[in-house]
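Quick one: the structure is below, and I'll ask about it shortly.
The values are calculated or read from the model by the stated rules, or taken from the named source; none is laboratory data. No experiment lies behind these values; they were computed from the predicted model shown. Backbone-built Cβ (ideal geometry, glycine too); neighbour counts: all protein chains shown.
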Amino acid sequence: MSDYEDEMDVDAPKDLQFSSENASGKKRTVADLPVEAQDNLPWVEKYRPSSLDDVSGHQDILATINRFVETNRLPHLLLYGPPGTGKTSTILALARRIYGTKNMRQMVLELNASDDRGIDVVREQIKTFASTKQIFNMAPQGTAGSPLAGYKLIILDEADAMTSTAQMALRRIMERYTANTRFCVIANYTHKLSPALLSRCTRFRFSPLKEVDIRTLVDKVIEKEGVKIQPDAVDSLVTLSRGDMRRALNVLQACFASSIPLPMRDAPKAPRPEPETVTNATIYDCIAAPHPSDIQEIMSTILSTSDVTSCLNTVQTLKSSKGLALADILSALADQLQQLEVPAQTRITWLEGLAEIEWRLSGGGSEAIQTGGLVGVVRNGSYPEEFTGFAAFQLIPYFNMRYAIQGILLASLSVVDAERVLGAYIFARHGDRTPKIFGSTQLTDLGYREVFDSGSFYNERYISSDSPKQIEGISADIVNPKQISASAPSDAVLQNSATGFLQGVYPPVGKVASQTLGNGSSVESPLNGYQLIQLTPATTSKNAEDSTWLQGSSGCQKATVSSDNYFSSEMYTSLLSSTKEFYQSLSPMLDGAFVSSDMTFKNAYTIFDYLNVGKIHNSTSQFPHKSDLTDEVYHQLIALAGTHEFNLAYNSSDKVRAIDGAVLAGEILAGLNETIATKGKSKLNIGFGSYGTIFALFGLMQMPAASVDFTGIPDYASSMVFELVTNASGTDFPDKSDLSVRFMFHNGTITGSSEPTVYPLYGQSSKLLSWDDFASKTKEIAVTSDEEWCTMCGNTDGKCASSDRSSGSGSVSTSSTNGSGMSLVVAGVIGAMVTLAVILGLQAIFFLLGGFRIAKRNKASHETMSSLAGVEEKKV
């Protein structure tokens, strides 16, 4: 915006004459600036067109305006359209052609109505400037006989922000001073301008620029500024600009600036460092737009996964990891859905639903609720809105249509080089078992079925020859002992769970498992071709299910001390006090298994475990059924047990408490490294443990940054898997540079109808980590040798007393912990927030409900409980 002290050009030289032929070609902002100053300019200003010939696109509009100038018949103008399409650049180039750069100050008044929007501006600045007449002849006569440069020009940018009163006052000024002033009104939306103002102007709509026009200028800027950028990144930049040149140049400049390494503080002045190459990912990160692969993953999950929770988690993870707004996801999703070949009614349903969600968001609707709406709209879009009155057989075509859409989707997501799975490391929790309170826990028939079903899923995914995810080269029928390894701690529940799981991975194969002997006779494997897979027992008592305390059997001295600190924490003492009444009220349901002094938050998990098993099973002497356990009380038990075990097992500022997660990280790294070292001969590693080890690993790998669900106790038969994959073509085992790792987790038993969910590791945005990144980040948290374990734990006896432990050989097994989920620095922040939220949330529950008052009848056997809580009693 210009500011004028003189109303008349009385100081102008009398012999000053200006015409379009001698108009300066310099830019308005860059004129007469030194090179250093020009380098610091925004590229939008640095490369703003200096003449009408330089304006990108809109050739029909420019031709008409040129004709107005040549015939000296310039009317009041209204330039409207989306931002970044050249409206302001066009009128400034026109003013420069008429007046020249040096005379624009006297002849042009530029106001931004978004700042100066009231009637006072119209009455004072605009009226004063328009009413003063130019007394010097600054241009030759036009063809119509009047000097065009004798007119003043008032530019009102963003005029749609002006008040209605100011607009009404402006219309009279435009009429009264037409003899010596021309107005150019610039707006994004004409519906915000008064009809009277619109009728006084010749309108030109500036539509979004074509991609070819944007690319022309972008290529020019890239060349002049020396930007190193990949071709596909240029394509993405042009596409994502959506016809907005300003956006394209701003994003390009931001990406270029971020590609220049920052010098070290106090370092001697050095030549400008070589910029890094701007990649496709850099463009998407800068714009904060969802990458097409992320949108395709959302579509694939929503349309082909029956688990709604997985669908919601996929969208929420994308939003949180990349800082995306739901509105951006909606726009990208709408573009992708329109590219699918689906019935017209399906596309209409999708687009109408997405439009409705976008409208609700614009009105201040909750993003969380509208995210659920998005999942519902896309999932239901492949069904008709009403099934009323249809017979069952009449619904079949509609279900077939959904499957057809899924097929189209999968085809659209295919890539030239199909992904190959080279190996995997699976870690699973045991199945349902008897309560810990009784000691000598045993796997139940239900638990056996749970782990067998989970193992069967991984057979279908990694072993079956019909699976697109089959591990490359793995034996599909008869197990090859060289390709698979499995281990579990020396604990009855975990050993039996591992056996059941492995039976699902490699089930009986009937007569295929037979051999012909030297005498010509044939022998068949018993139990219809039952297959034997060696199960290696862990060398320590890690994860023993008979242990009531997570750290009770780890043997790590410093980990035990770290967990002891939890029992003196403010959070523990606060919850111990505030939940006392609640736990005492559970006495009628505990059937004498706990004495009154043991019915406290100190035994939160053991109490939950006892009641949870009773809730699952029918009433027997071993499983007393808990029909009087309400959902409300049950959910409080889960929340309290999770809080207790989480803090007992993992601490963001004390890594040693998560010692078993660190050991498991080392085992995962060793297993995948073995696959790489043997060039794929070792293919599948399977480990088993309790929720403690899973929690510890979740914490160290920052999983709660991806989803807060990772701070809850995993269900029986939960499993996680680390896939080693590549997109490299050919049949040879690829180089490490072509390898990536994908992490997946499923809470509870997994079957063919429920896929595991993919989550990003270590707080990253990408759900696929390169092998080098995965290996380097995992090494930071892993314990890979006895020496490291002994050093971290501070142990000096047993294996740690051995003189040769400095050799660093031998991996360790230990147990424990819980997962808050973070790297050790990030964990401090997230862990503190989660802990605070848990304290406030749980205390609010108990203040609100006042505790549950149930008639107390104490018939507990102190002898039963004392043997289980002996370790914990020392902690308080």
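Note down all Cβ pairs under 6 Å where the first residue falls in the stretch 293-315 and is outside the structural domain of S754 (by TED's automatic domain parsing), the second is acidic (D, E), and they're at least six residues apart or on different chains.
Here the result reads T305/E755, each pair linking the stretch 293-315 to a residue that is acidic (D, E).
Quick one: which of V656, V633 is farther than 25 Å from F457 by Cβ, assigned to a helix (DSSP H, G or I), among the hydrophobic types (A, V, I, L, M, F, W, C) and touching a Cys at 6+ places or on another chain (Cβ under 9 Å)?
The conditions single out V656.
Test each condition in (1) assigned to a helix (DSSP H, G or I); (2) crowded, with 17+ Cβ neighbours inside 10 Å; (3) out of contact with any helix residue (DSSP H, G or I) (no Cβ under 6 Å at 6 or more places or on another chain) for V238 and report the one that comes out false.
V238 satisfies all of (1) assigned to a helix (DSSP H, G or I); (2) crowded, with 17+ Cβ neighbours inside 10 Å; (3) out of contact with any helix residue (DSSP H, G or I) (no Cβ under 6 Å at 6 or more places or on another chain) except (3).
Run down Q253, Q230, Q167 and say which single residue is modelled with pLDDT under 85 and either surrounded by 21 or more Cβ atoms within 10 Å (Cβ to Cβ) or within 30 Å of D328 (Cα to Cα) (or both).
So the residue among Q253, Q230, Q167 that is modelled with pLDDT under 85 and either surrounded by 21 or more Cβ atoms within 10 Å (Cβ to Cβ) or within 30 Å of D328 (Cα to Cα) (or both) is Q167.
Output yes when any residue across the stretch 725-745 is of a type in the set (S, T, N, Q), modelled with pLDDT of 90 or more and touching a Leu at 6+ places or on another chain (Cβ under 9 Å), and no when none is.
Checked against the condition, which is being of a type in the set (S, T, N, Q), modelled with pLDDT of 90 or more and touching a Leu at 6+ places or on another chain (Cβ under 9 Å), the stretch 725-745 yields at least one hit.
A follow-up question, please. Any residue that is in contact with a helix residue (DSSP H, G or I) (Cβ under 9 Å, 6 or more places away or on another chain), under 14 Å from L684 (Cα atoms), touching a residue at least 24 places away in the same chain (Cβ under 8 Å) and of a type in the set (V, I, T) - is there at least one of those in the stretch 506-514?
No, there is no match, as no residue in the stretch 506-514 is in contact with a helix residue (DSSP H, G or I) (Cβ under 9 Å, 6 or more places away or on another chain), under 14 Å from L684 (Cα atoms), touching a residue at least 24 places away in the same chain (Cβ under 8 Å) and of a type in the set (V, I, T).
Which of the residues spanning the stretch 667-680 are farther than 13 Å from F722 by Cα and in contact with a Ser or Thr (Cβ under 8 Å, 6 or more places away or on another chain)?
At the first step, the residues of the stretch 667-680 found to be farther than 13 Å from F722 by Cα are 674, 676-680.
Correct list: E674 only.
Which residues, counting only those in the stretch 76-93, are touching a residue at least 60 places away in the same chain (Cβ under 8 Å) and part of a helix (DSSP H, G or I)?
Result: K87, T88, T90, I91, L92.
Name the residue, out of E341, E358, E352, E297, that is touching a helix residue (DSSP H, G or I) at 6+ places or on another chain (Cβ under 7 Å), surrounded by fewer than 17 Cβ atoms within 10 Å (Cβ to Cβ) and of a type in the set (D, E).
The conditions single out E341.
Next question. List pairs: first in the stretch 442-471 and more than 13 Å from F501 (Cα to Cα), second part of a helix (DSSP H, G or I) and among the β-branched types (V, I, T), Cβ under 7 Å, 6+ apart or cross-chain?
Taking only residues 6 or more apart or on different chains, the pairs are Q442/V493; I463/V505; Q470/I463.
Suppose the filter is within 22 Å of Y458 (Cα to Cα) and part of a loop (DSSP other than H, G, I, E, B); does Y762 pass it?
Considered against the rule, which asks whether it is within 22 Å of Y458 (Cα to Cα) and part of a loop (DSSP other than H, G, I, E, B), Y762 comes out as no.
Checking the structure you have, find out if any residue of the stretch 440-452 is within 32 Å of the chain's Cα centre (by Cα), of a type in the set (G, A, S) and surrounded by fewer than 16 Cβ atoms within 10 Å (Cβ to Cβ).
Of all residues in the stretch 440-452, those within 32 Å of the chain's Cα centre (by Cα) come to 450-451.
Keeping just the survivors that are of a type in the set (G, A, S) gives none.
No, because not a single residue in the stretch 440-452 is within 32 Å of the chain's Cα centre (by Cα), of a type in the set (G, A, S) and surrounded by fewer than 16 Cβ atoms within 10 Å (Cβ to Cβ).
Moving on to the next point. Any chance you could count how many residues in the stretch 763-796 are closer than 14 Å to L700 by Cβ, crowded, with 19+ Cβ neighbours inside 10 Å and at pLDDT 90 or above?
Looking only at that region, the number is 6.
Right, next: Limited to the stretch 161-175, what total is found for residues that are assigned to a helix (DSSP H, G or I) and touching a residue at least 40 places away in the same chain (Cβ under 8 Å)?
7
Every residue in the stretch 192-223 that is of a type outside the set (S, T, N, Q) and without any contact (Cβ under 8 Å) to a residue 24 or more places away in the chain, please.
P195, V212, R215, D219, E223
So, one more: Out of all the residues in the stretch 416-439, which are surrounded by fewer than 23 Cβ atoms within 10 Å (Cβ to Cβ) and part of a loop (DSSP other than H, G, I, E, B)?
V416, D417, A418, E419, T434, P435, G439
Let me ask something else about it. Anything in the stretch 496-523 that is in a helix (DSSP H, G or I) and closer than 20 Å to G671 by Cα? List them, or say none.
A498, T499, F501, L502, V505, listed by residue number.
Within the stretch 687-718, which residues are within 22 Å of T784 (Cα to Cα) and either modelled with pLDDT of 95 or more or part of a loop (DSSP other than H, G, I, E, B) (or both)?
Within the stretch 687-718, S690, M701, Q702 meet the criteria.
Take G661 and tell me if it is in contact with a Gly (Cβ under 8 Å, 6 or more places away or on another chain), small (G, A, S), buried (at least 19 other Cβ atoms within 10 Å of the Cβ) and at pLDDT 85 or above.
Spelling it out, G661 is indeed in contact with a Gly (Cβ under 8 Å, 6 or more places away or on another chain), small (G, A, S), buried (at least 19 other Cβ atoms within 10 Å of the Cβ) and at pLDDT 85 or above.
If we keep just the residues of the stretch 494-519 that are of a type in the set (V, I, T) and modelled with pLDDT of 90 or more, which is surrounded by the most Cβ atoms within 10 Å (Cβ to Cβ)? If you could, list the steps in order and put the result at the bottom.
To start, the set of residues in the stretch 494-519 that are of a type in the set (V, I, T) comprises 499, 505, 509, 512, 516.
In the following step, the residues that additionally are modelled with pLDDT of 90 or more were identified as 499, 505.
Details: T499: 19, V505: 24.
Going through the qualifying residues, I end up with V505.
Next question, about the same structure. Mind counting the residues in the stretch 52-75 that are in contact with a Lys or Arg (Cβ under 9 Å, 6 or more places away or on another chain), loosely packed, with under 14 Cβ neighbours inside 10 Å and in contact (Cβ under 8 Å) with a residue 60 or more places away in the chain?
Of the residues in the stretch 52-75, 2 are in contact with a Lys or Arg (Cβ under 9 Å, 6 or more places away or on another chain), loosely packed, with under 14 Cβ neighbours inside 10 Å and in contact (Cβ under 8 Å) with a residue 60 or more places away in the chain.
Checking Q230 against (1) in contact (Cβ under 8 Å) with a residue 60 or more places away in the chain; (2) farther than 25 Å from N103 by Cβ, which single condition isn't satisfied?
Among (1) in contact (Cβ under 8 Å) with a residue 60 or more places away in the chain; (2) farther than 25 Å from N103 by Cβ, Q230 violates only (1).
Turning to a different aspect of this structure: Hey, can you tell me all the residues within the stretch 771-787 that are closer than 23 Å to F743 by Cβ and in a helix (DSSP H, G or I)? Working first, answer last.
Our first condition is that a residue be closer than 23 Å to F743 by Cβ; within the stretch 771-787, this holds for 771-784.
Result: W771, D772, D773, F774, A775, S776, K777, T778, K779, E780, I781.
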